[in-house]
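Beneath this line is the structure, given in structure tokens, with notes to follow.
The values are calculated or read from the model by the stated rules, or taken from the named source; none is laboratory data. Note that this is a predicted model, so its numbers are computed, not measured. Positions of Cβ are generated from backbone atoms using ideal geometry, with glycine treated the same way; all protein chains shown enter the neighbour counts.
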Amino acid sequence: MGSSQTVSKFNQNLCERLKRARSDAGYTQEQFAQMLGISVERYRKYENRSPIPVYLIPTVCENLGLDCWFVLTGQGKPPATKTNDMETRRPFPKGA
């Protein structure tokens, strides 16, 4: 796999993790964009095609209760979800 394919796959996976974590936390794109202090159009770009800038990752992690390493790599502790008032962990598929 070439370097550009590796970077492309990394970016795609990062966008997918961000979208899933936000959705699992129960926030709309509009709500989460507001929490980050950015426009919803800009936020949508981060979920669909462009990786989120490094300076926003700590804010994302804080607001979603995520580990930064998980956001960047997909490895480690997956995000918590609420099910019947019990906190559970739902694993992400490998490579997501």
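Just to verify a result, which residue in segment 22-62, among those that are outside any helix (DSSP H, G or I), surrounded by 12 or more Cβ atoms within 10 Å (Cβ to Cβ) and not hydroxyl-bearing (Ser, Thr, Tyr), is modelled with the lowest pLDDT?
Selected residue: Pro51.
Could you grab the pairs with beta carbons closer than 7 Å, sequence gap of 6+ or different chains, first residue in segment 1-27 and within 18 Å of Gly65 (Cβ to Cβ), second one among the hydroxyl-bearing types (Ser, Thr, Tyr)?
Once the first residue is within 18 Å of Gly65 (Cβ to Cβ) and sits in segment 1-27, its partners that are among the hydroxyl-bearing types (Ser, Thr, Tyr) give Leu18/Tyr46; Asp24/Thr81.
Check segment 73-80 and report whether any residue there is surrounded by 13 or more Cβ atoms within 10 Å (Cβ to Cβ) and either modelled with pLDDT of 95 or more or over 16 Å from Asn13 (Cβ atoms) (or both).
Yes, there is a match, as at least one residue in segment 73-80 is surrounded by 13 or more Cβ atoms within 10 Å (Cβ to Cβ) and either modelled with pLDDT of 95 or more or over 16 Å from Asn13 (Cβ atoms) (or both).
Looking at this structure, is Gln12 out of contact with any Pro (no Cβ under 7 Å at 6 or more places or on another chain), modelled with pLDDT under 80 and part of a helix (DSSP H, G or I)?
No: the conditions fail for Gln12.
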